[in-house]
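K.L.:
Take this structure first; my questions come after.
The values are calculated or read from the model by the stated rules, or taken from the named source; none is laboratory data. Everything numeric here is computed off the predicted structure, so don't read it as measured data. All Cβ positions, glycine included, derive from the backbone under ideal geometry; neighbour counts span all protein chains shown. Ligands, DNA and RNA are excluded from the accessible area calculation, which covers all protein heavy atoms including side chains. Shrake-Rupley method; radii C 1.70, N 1.55, O 1.52, S 1.80 Å.
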Amino acid sequence: GPARKAPPRSAPPAAPARPRAAESAPAPAAVLEPGSAAGLSVSPGAPLTIDGLRVRWPAVMDDVKQRTRAVHAYLLESAPRDVAGDEIVLGVRHPFHLERLEEPKNRVVVAEALARVFGAAFRPRFMLDETATDVLAPETPAPGEGALVDEAVRRFGNPVQEVRRLE
C-alpha cells in the first residue's frame, strides 16, 4: 500500500516542476541578454561613456529593483553624472539617500547591478547633487511648463491625441 502511493505522489510534483524550470530559464537569459548584447556591440577596449551609462541606466535601475526595493528607492532621485575609468559617479538628490547608498551592503548592490548590465566591474561613487532626478520626479509645475512639453514633443514625437488638465 504505502510503497505504491509514494511514487505517484512524488511524480506529479516533479512534472509541474519541469515546466516551471523551463518557464523561469528564459527569464534570467532575457535579463542578461541586453547587457551582453551591449557589451558585444562595443569593442572590448572601448571605455564606457556617460552617454552609454545614461542609455543603460534604466536597466541598472531595473536590476537593482529586482534585488532590493530599498536601494532602488534610494536611487529614484539620482542620476549618472560621470564615468572615470572603472568609477561611475552618481548624483544623489537627498543627503539621507546618499548616506544609505554609502553603506557597504547597498554599495555592493549597485556595483553588482552595474556589473550585470555592463558585463564589467565598476565602482559606484555617490555625491550629493540636489538637481539629480531620475525618471519623472516632478516638482510643482513651473510657470513655463509648456516649454517642457514642447521639448518632450521635440525629442519623442507627439503620440498624445488630447491633453486635459485635471481639475
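K.L.:
What is the sum of charges around Ala70, taking Lys and Arg as +1, Asp and Glu as -1, for the other residues whose C-beta is under 11 Å from the C-beta of Ala70?
P.N.:
Charge balance near Ala70 sits at +4.
K.L.:
Right, something else. How much area per residue is accessible in the stretch 61-112 when the probe is 1.4 Å and only protein heavy atoms are counted (Å²)?
P.N.:
Value for the stretch 61-112: 49 Å² per residue.
K.L.:
What FRET efficiency, computed as 1/(1 + (r/R0)^6) with R0 = 35 Å and r the Cβ-Cβ distance, is obtained for Glu87 and Ala147, rounded to the nearest 0.05?
P.N.:
About 0.50, to the nearest 0.05.
K.L.:
Provide, in order from the shortest bin, the percent of all Cα-Cα pairs of the stretch 81-126 in each 5 Å bin, continuing until the bin that contains the maximum pair distance.
P.N.:
Going from the shortest bin to the longest, the percentages are 6, 23, 29, 27, 12, 3.
K.L.:
What value in Å³ per residue do you get for the convex hull of the alpha-carbon atoms in the stretch 51-120?
P.N.:
80
K.L.:
In nm, to one decimal, how far is the Phe96 label point from the Arg154 one, both placed 7 Å along Cα→Cβ?
P.N.:
So the two model labels end up 3.6 nm from each other.
K.L.:
Which net charge results for the neighbourhood of Val108, defined as the other residues with beta-carbon distances under 11 angstrom from its beta-carbon, given Lys and Arg at +1 and Asp and Glu at -1?
P.N.:
+2
K.L.:
Sort Phe96, Phe118 from largest to smallest accessible area, using a 1.4 Å probe on the heavy atoms of the protein chains.
P.N.:
Largest to smallest exposure gives the sequence Phe96, Phe118.
K.L.:
Also: Could you work out the local net charge near Ala46, counting Lys and Arg as +1, Asp and Glu as -1, over the other residues with Cβ closer than 15 Å to its Cβ?
P.N.:
In short, -1.
K.L.:
Starting with the highest mean, order 126-133, 73-80 by the number of other Cβ atoms within 10 Å, averaged over the residues of each peptide.
P.N.:
73-80, 126-133
K.L.:
Arrange the residues Arg56, Arg154 by how much accessible surface each exposes, largest first, with a 1.4 angstrom probe.
P.N.:
Arg154, Arg56
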